[in-house]
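Structure, as structure tokens:
The values are calculated or read from the model by the stated rules, or taken from the named source; none is laboratory data. Since the structure is predicted, the reported quantities are computational estimates derived from the model, not experimental observations. Counting neighbours? That spans all protein chains shown, and the Cβs are built from the backbone with ideal geometry, glycine included. These area figures cover heavy atoms from the full protein model, side chains too; ligands, DNA and RNA do not enter into them. Shrake-Rupley method; radii C 1.70, N 1.55, O 1.52, S 1.80 Å.
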Amino acid sequence: MPFVEVTLANAPNAQGGWDTHNQNFTAMKSLCGILDPAWASLMDDLKQRGLLDTTMVVWMGEFGRTPKINQGMGRDHFPNAWSVVLGGGGIKGGQAVGKTSDDGATVVDRKVGTADLMATICRGLGIDPTKQNQSNVGRPIRIADKAGRAISEILA
């Protein structure tokens with residue numbers, strides 16, 4: 001299944017993309033100024049071309065950001081909670097799943113793990129997340145962790 005990865009690592013004032021350990025607010029203004037209209041245009045274009053139902057758009061990083069600003073006016077790595085945006089292909093849009101505490105430090109409602117996210121992406125794209133492939137040396141490689149449970153409320 002083909003895919004495209006887009007990064008904003010070279011955006012002006014972005015200092016290497018979304019990894020905003022320093023000057024978070026300056027970087028976010030630059031990054032979102034590029035991402036927001038591009039995201040909207042992409043979704044509109046996919047819809048106009050009749051491709052939105054068969055193309056999933058995933059916006060995520062490898063983990064979240066601390067809810068508190070550090071001494072460098074940045075945000076550090078924070079695996080306890082983070083946001084992911086899914087749209088198109090097999091996803092019912094317009095909803096949020098899960099909630100953090102008011103201070104953003106802990107998940108207080110509908111925790112979704114990475115295995116669940118991968119199972120959801122697979123199911124949305126019509127891929128069996130329990131399938132196991134073999135590497136070129138015969139090693140079994142799962143598409144997604146077998147413990148993952150798709151987020152049923154967002155699947156179309």
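Filter the stretch 44-79 down to residues that are of a type in the set (D, E, K, R) and surrounded by 13 or more Cβ atoms within 10 Å (Cβ to Cβ) and give me whichever is nearest to residue 115 (Cα to Cα).
Taking the stretch 44-79 and keeping what is of a type in the set (D, E, K, R), we get 44-45, 47, 49, 53, 62, 65, 68, 75-76.
Subset that is surrounded by 13 or more Cβ atoms within 10 Å (Cβ to Cβ): 47, 53, 65, 75-76.
Details: 47: 29, 53: 23, 65: 20, 75: 25, 76: 23 Å.
Step by step, filter the stretch 44-79, then rank; the result is 65.
Given the criterion touching a strand residue (DSSP E or B) at 6+ places or on another chain (Cβ under 9 Å) and either aliphatic (A, V, I, L, M) or modelled with pLDDT of 95 or more (or both), identify the matching residue among 38, 27, 81, 9. Let's see the steps before the verdict.
On the way: 38 fails: touching a strand residue (DSSP E or B) at 6+ places or on another chain (Cβ under 9 Å); 27 fails: touching a strand residue (DSSP E or B) at 6+ places or on another chain (Cβ under 9 Å); 9 fails: touching a strand residue (DSSP E or B) at 6+ places or on another chain (Cβ under 9 Å).
Every option except 81 fails the conditions.
From the list 105, 81, which residue is out of contact with any Pro (no Cβ under 6 Å at 6 or more places or on another chain) and assigned to a loop (DSSP other than H, G, I, E, B)? I'd like the intermediate steps shown before the answer.
Working: 105 fails: out of contact with any Pro (no Cβ under 6 Å at 6 or more places or on another chain).
It is 81.
Conditions (1) closer than 23 Å to residue 79 by Cβ; (2) under 18 Å from the mean Cα position of the chain (by Cα); (3) assigned to a helix (DSSP H, G or I), marked per residue:
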{"site": "5", "(1), (2), (3)": "yes, yes, no"}
{"site": "13", "(1), (2), (3)": "no, no, no"}
{"site": "17", "(1), (2), (3)": "yes, yes, no"}
{"site": "40", "(1), (2), (3)": "no, yes, yes"}
{"site": "43", "(1), (2), (3)": "no, yes, yes"}
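Restricting to the stretch 10-25, name every residue that is open to solvent by 40 Å² or more (accessible area, probe 1.4 Å) and of a type outside the set (D, E, K, R). Give the derivation first.
Initial filter on the stretch 10-25 (open to solvent by 40 Å² or more (accessible area, probe 1.4 Å)): 10, 12-13, 15-16, 18-19, 21-23, 25.
Listed by number, the residues that qualify are 10, 12, 13, 15, 16, 18, 21, 22, 23, 25.
What pairs come out if I take residues in the stretch 26-38 that are open to solvent by less than 50 Å² (accessible area, probe 1.4 Å) and pair them with residues that are small (Gly, Ala, Ser) and modelled with pLDDT under 90 whose C-beta lies under 7 Å away, six or more apart or interchain?
Note: pairs meeting the criteria are 27/14; 30/11; 30/14; 31/11; 31/14.
Just name the residue that is modelled with the lowest pLDDT out of those in the stretch 54-63 that are within 15 Å of residue 91 (Cα to Cα) and in contact with a strand residue (DSSP E or B) (Cβ under 7 Å, 6 or more places away or on another chain).
59
If the requirement is being over 16 Å from residue 6 (Cα atoms) and surrounded by 15 or more Cβ atoms within 10 Å (Cβ to Cβ), which of these qualifies: 124, 87?
124
Pairs under 8 Å by beta carbon, first residue without any contact (Cβ under 8 Å) to a residue 40 or more places away in the chain and within 25 Å of residue 113 (Cα to Cα) in the stretch 134-153, partner of a type in the set (D, E, K, R) and part of a helix (DSSP H, G or I), six or more apart or different chains?
Going by the 8 Å Cβ cut-off, the qualifying pairs are 148/116; 149/116; 150/116; 150/123.
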